[in-house]
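This report refers to the structure that appears directly beneath it.
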Protein chains: 2
Amino acid sequence: MEGFRVLEIKKSVFESNDREADKLRQELKENKTFLLNLMSSPGSGKTTTLKATIAALKDEFKIGVMEADIDSDVDAATIEKTGAKVIQLHTGGMCHLDAGMTRQGLQGLDTEDVELAILENVGNLVCPAEFDTGAVKNAMILSVPEGDDKPLKYPLMFSICDVLLINKIDVLPYFDFSIENCEKYVKRLNPNIKIIPICARTGEGIDIWADWLRTETRKWIEE
Amino acid sequence: MEGFRVLEIKKSVFESNDREADKLRQELKENKTFLLNLMSSPGSGKTTTLKATIAALKDEFKIGVMEADIDSDVDAATIEKTGAKVIQLHTGGMCHLDAGMTRQGLQGLDTEDVELAILENVGNLVCPAEFDTGAVKNAMILSVPEGDDKPLKYPLMFSICDVLLINKIDVLPYFDFSIENCEKYVKRLNPNIKIIPICARTGEGIDIWADWLRTETRKWIEE
């Protein structure tokens, strides 16, 4: 039997998601828990990136992961093997998480002793961009096979993220993807975004990403 | 200046989308227009597949394409070069199209002389699956880099489609994707689905897909 819990999350009842998100961030600050919201299309490599991230930081922080999915448990089962605390959230068909739903997840995970919490959002470049989850920082993954024109087509997602990980750079030779063009499109929407090319599978670039996440987590839980 | 029109579509006001969808299908039948709803994640190759599809069938049918996108016009500009009639639909941030929105698109496209109409839905595996657009058939693309486990994670989308195109099979050697596993997961959800491996870029498998689409279109407009 698997050791992680599966939580069926309910639709939120709050009138103002932005207010709920700010309240949740305040509570996370008091609890000294950093929350990262990780978003991407289906199949961009969120779970593989998470595995590499946990491997890089597990000796420094107590890590907890919330795997949001419409139905399955495959991601939580994968993350459980890393030794990190994990909970599977079932959204019941819903295409995003808002702050109220994220709060249910954090309570299910029990973040009392978690310093770095990571929410793997539903695989979707549209709806999750519209709802502040209460996370301290937003990160997204765009993978090389998806194409460098995605910032033109899903501008809100690229606008609200603090970091963009360009994943699967090992297959750059086989796809028509220009990192330069991608960066140009993204910076036009979001000049302050940090862009890090990685390959989660081989570990390339994960050190740079882990550095960024370490710095932000320390800043949040220590200041 | 580009020759295609850009239409800002409005939120639908109908109470029952299913009823509106059935009504739209009836009108399409009377007008002898076949409508295909094409769905996938961002970056799975919908537009490239469309280009190959148009090339294969443009001498047999009058083809019209509706490119739904949140904001950009890049896909309509690409399709316009094929010589097919095309309209760009802007969904204004909305993550799917329902029957009322599809009707606005069809009116904007002017389907009077269109025999085969194709709707390229918003890149999203979640929300578009929940709304019947009024299309005669639903097709989806899953690309190899996304992984063979996607049917487990987005079951509704795989359940409501008549055809699944497995795209980008030219990069199978570089990814951990089993067509056999994928088919097994999909058939469990949807035993009657037709599965066609293709590579839209090289044209592999497009003849089989075009055969299917030709047969279905003829059946709808001639019977």
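Below, the figures for the structure above:
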{"read-out": "Label spacing, shortest first and in nm, from A:Phe14 to its equivalents in the remaining copies (7 angstrom along Cα→Cβ)", "value": "3.6"}
{"read-out": "Global form of the protein assembly as shown, assessed from the alpha-carbon gyration tensor, a/c cut-off 1.5", "value": "prolate"}
{"read-out": "Residue-count net charge about B:Asp113 - beta-carbon cut-off 15 Å; Lys, Arg +1, Asp, Glu -1", "value": "-1"}
{"read-out": "Where chain B is the region considered: accessible area per residue in Å², 1.4 Å probe", "value": "41"}
{"read-out": "Amide H contacts of A:Leu97 (H built 1.01 Å from N, under 5 Å, at least 5 apart or other chain)", "value": "A:Val122"}
{"read-out": "Overall form of the stretch B:119-223 per C-alpha gyration tensor (a/c, 1.5; a/b vs b/c)", "value": "oblate"}
{"read-out": "Under the Karplus curve 6.51 cos²θ - 1.76 cosθ + 1.60, θ = phi - 60°, whole-Hz ³J(HN,Hα) for the stretch B:9-20, x wherever Gly or Pro sits", "value": "8, 9, 4, 6, 10, 7, 6, 10, 5, 4, 5, 4"}
{"read-out": "Dipole of chain A, positive direction: furthest Cα of A:Leu142, A:Val114, A:Pro155, with charges on the beta-carbon", "value": "A:Pro155"}
{"read-out": "Restraint check, A:Lys137/B:Lys46; B:Lys29/B:Lys51; A:Lys11/B:Lys46; B:Lys10/B:Lys187; B:Lys51/B:Lys150; A:Lys194/B:Lys85, Cα-Cα greater than 30 Å", "value": "A:Lys137/B:Lys46; A:Lys11/B:Lys46; B:Lys10/B:Lys187; A:Lys194/B:Lys85"}
{"read-out": "Inter-chain shielding of A:140-152 (mean C-beta neighbours from other protein chains, 10 Å cut-off)", "value": "4"}
{"read-out": "Distances in nm from A:Lys219 to the matching label points in the other copies, shortest first (labels 7 Å along Cα to Cβ)", "value": "5.8"}
{"read-out": "Amide H partners (placed H, <5 Å) of B:Phe34, local residues excluded", "value": "B:Leu116, B:Ala117"}
{"read-out": "Cα→Cβ-extended label distance, 7 Å offset, between B:Lys29 and A:Arg214, nm", "value": "6.5"}
{"read-out": "Dipole magnitude (debye, nearest 20) for the protein assembly as shown, charges at Cβ of Lys, Arg, Asp, Glu", "value": "60"}
{"read-out": "Residue of chain A whose Cβ sits closest to the axis mapping A onto B, with distance in whole Å", "value": "A:Pro145, 2"}
{"read-out": "Accessible-area composition of the protein assembly as shown, carbon plus sulfur, in percent [1.4 Å probe]", "value": "47"}
{"read-out": "Table column - 3J(HN,Hα) (Hz), the stretch B:64-81, Karplus curve with 6.51, -1.76, 1.60, x for Gly and Pro", "value": "x, 10, 10, 9, 8, 8, 5, 9, 7, 10, 4, 6, 5, 4, 5, 5, 4, 5"}
{"read-out": "Peptide B:38-47 - average C-beta neighbours from other chains (10 Å radius)", "value": "6"}
{"read-out": "Long-range HN-HN contacts of A:Lys194 with modeled amide H, under 5 Å", "value": "A:Val163, A:Leu164"}
{"read-out": "No Cys partner within the rule (Cβ under 4.7 Å), the protein assembly as shown", "value": "A:Cys161, A:Cys182, A:Cys199, B:Cys161, B:Cys182, B:Cys199"}
{"read-out": "For the stretch B:156-165, 3J(HN,Hα) per residue [Karplus equation, 6.51 cos²θ - 1.76 cosθ + 1.60, θ = phi - 60°, Hz, x = Gly/Pro]", "value": "4, 4, 6, 6, 9, 8, 8, 9, 10, 9"}
{"read-out": "Computed magnitude of the charge dipole of the stretch A:101-208 (debye, nearest 20; Cβ of K, R +1, Cβ of D, E -1)", "value": "420"}
{"read-out": "Members of the stretch A:55-86 that become less accessible by 40 Å² or more once partner protein chains are added (1.4 angstrom probe, chain alone as reference)", "value": "A:Ile70, A:Val74"}
{"read-out": "Interface residues in the stretch A:113-127 - accessible area drops by 40 Å² or more relative to the isolated chain, probe 1.4 Å", "value": "A:Val126"}
{"read-out": "GNM result for chain B, Cα springs below 10 Å: residue of B:Val13, B:Val136, B:Val171 fluctuating most strongly", "value": "B:Val13"}
{"read-out": "In the A-B interface, the accessible area buried, summed over both sides, Å² (probe 1.4 Å)", "value": "2400"}
{"read-out": "Mean residue ellipticity (222 nm) of chain B, computed from DSSP H runs ≥ 4 via -39,500 (n - 2.57), nearest 500", "value": "-11000 deg cm²/dmol"}
{"read-out": "For the stretch B:70-118: rounded, prolate or oblate by the Cα gyration tensor [a/c cutoff 1.5]", "value": "oblate"}
{"read-out": "Nearest-first distances (nm) between copies at A:Ala55, label 7 Å from Cα via Cβ", "value": "4.0"}
{"read-out": "Efficiency of FRET from Cβ geometry, B:Lys11 and A:Arg188, R₀ 25 Å, rounded to 0.05", "value": "0.30"}
{"read-out": "Dipole magnitude of chain B about its Cα centre (Cβ charges: Lys, Arg +1; Asp, Glu -1), debye to nearest 20", "value": "260"}
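The values are calculated or read from the model by the stated rules, or taken from the named source; none is laboratory data. Everything quoted here is computed from the prediction, not taken from an experiment. Cβ coordinates were reconstructed from backbone atoms using ideal geometry, including for glycine residues, and neighbour counts include every protein chain displayed. Calculation scope for accessible area: heavy atoms of the full protein, side chains included, ligands and nucleic acids excluded. Shrake-Rupley method; radii C 1.70, N 1.55, O 1.52, S 1.80 Å.
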